[in-house]
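The values are calculated or read from the model by the stated rules, or taken from the named source; none is laboratory data. Every value quoted in this text rests on a predicted model; they were computed, and no experiment measured them. In this analysis, Cβ positions are derived from the backbone assuming ideal geometry, glycine residues included, and neighbour counts consider all displayed protein chains. For accessibility, only protein heavy atoms count, side chains too; no ligands or nucleic acids. Shrake-Rupley method; radii C 1.70, N 1.55, O 1.52, S 1.80 Å.
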Amino acid sequence: MKRAVILLSGGLDSAVTLWLAKSEGYELHTLSFDYGQRHKRELEAAAKIAEVAGVKEHRLVTINMDQWGGSSLTDKNMEVEDGDVNRTDIPVTYVPARNMVFLSIAASYAEAIDAQNIFIGVSQVDYSGYVDCRESFIKAMENAINQGTVMAAEKNRPITIHAPFIYKTKTEEIQIGAKLGVPFGLTWSCYRGGEKPCGTCDSCLLRAKAFQEAGVVDEGGTEIGNRK
């Protein structure tokens, strides 16, 4: 069976990506990161999602990107601002080069287990201004990985980075996930953590808007503007 490494944050995008890879018959190896984010709710969600999906192996990697901060998700002295679905600037929740770091580690893991496929649930349509969610970045990372791994450079077995939602909206992604039977209620999107999603951060607003547009009930979210 062909193997795949799936970046699994515990959020909506990565869960749908996991179920899509599962539907395509891959042996699933999920990779989550404790990178010093301000809460662990998404990591708890990721572990449960991996279990329900029946993955072959789920690994949690600790890298402590909070040592240098630079983002409200990794620096406790910075506040997570309320969201704006119409924003055009880069939000303070952007974590410097996060996807570059994640994909580099995923490439190491993939080569170690002889997997030629890496899945990541990014979109440059609904990407909140994060520059490392664009197709140009994904292509560049794929090229770098294949220049820097023995499997690709010496054995002619290149690694492919799959970003199946790169040109899809979150609304379209939810519709696909609903058809695949993704357990949306297990996912966690809120940047703030807590007992329930805050309903006011960028991630909560984008999620609520997308579920509403998709006509799908969100069992894991909350109403827009409903901070708990």
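Under the combined filter of DSSP loop state and at most 16 neighbouring Cβ atoms within 10 Å, the stretch 39-79 retains these trypsin sites (Lys or Arg not before Pro): K40, K56, K76. Which entries in K48/K155; K22/K209; K155/K179; K2/K170; K22/K170; K76/K168 show an alpha-carbon gap greater than 31 Å? K48/K155; K155/K179; K76/K168, as the Cα separations exceed 31 Å there. The angle between the Cα long axis of helix 135-147 and the longest principal axis of the Cα atoms of the chain comes to about 30 degrees, rounded to the nearest 10. Residues whose amide H lies under 5 Å from that of R3, counting only those 5 or more places away or on a different chain, are E27, Q116; hydrogens are built 1.01 Å from N in the peptide plane. Report, in whole Å, the centroid distance computed from the Cα atoms of the stretch 125-202 and the stretch 1-35. After rounding, the separation between the Cα centres reads 10 Å. For the stretch 121-184, trypsin sites (Lys or Arg not before Pro) meeting the loop criterion (DSSP other than H, G, I, E, B) and having at most 14 other Cβ atoms within 10 Å: K155. Any chance you could give the angle, 0 to 90 degrees and rounded to 10, that helix 98-112 forms with the longest Cα principal axis of the chain? For helix 98-112, the angle is close to 30 degrees. Taking all protein chains into account, the per residue accessible area for the chain stands at 47 Å² (1.4 Å probe).
Calculate the dipole size of the stretch 1-147 relative to its Cα centre from +1 charges on Lys and Arg beta carbons and -1 charges on Asp and Glu beta carbons; express the result in debye to the nearest 20.
Magnitude of the dipole: close to 360 debye.
Keeping the other protein chains in place, figure out the carbon and sulfur percent of the accessible area of the chain, with a 1.4 Å probe. Carbon plus sulfur share of accessible area: 47 percent. Considering only alpha-carbon pairs that sit under 8 angstrom and 6 or more positions apart, the relative contact order computed for the chain is 23 percent. Rounded to 0.05, the FRET efficiency of the S104 and Q212 pair, given R0 = 35 Å and the Cβ-Cβ distance, is 0.45.
Modelled spin-label separation between N64 and M78, with each label point placed 7 Å from Cα along the Cα-to-Cβ direction: 2.0 nm.
Loop-located GluC sites (Glu not before Pro) across the stretch 112-203 with a Cβ neighbour count of 15 or fewer within 10 Å are E154, E195, with loop assigned by DSSP. Maximal additional length on extending the V52-R3 stretch stands at 15.8 nm, based on 0.36 nm per residue less the C-alpha distance. When +1 charges are put on Lys and Arg Cβ atoms and -1 charges on Asp and Glu Cβ atoms, the dipole computed for the stretch 76-149 relative to its Cα centre reaches about 180 debye. Computed with every protein chain present, the accessible area of S23 is close to 70 Å² [probe 1.4 Å].
Exposed loop sites, defined as chymotrypsin sites (Phe, Trp or Tyr not before Pro) outside DSSP H, G, I, E and B with at most 11 other Cβ atoms within 10 Å, are absent from the longest region of the chain, namely 69-166.
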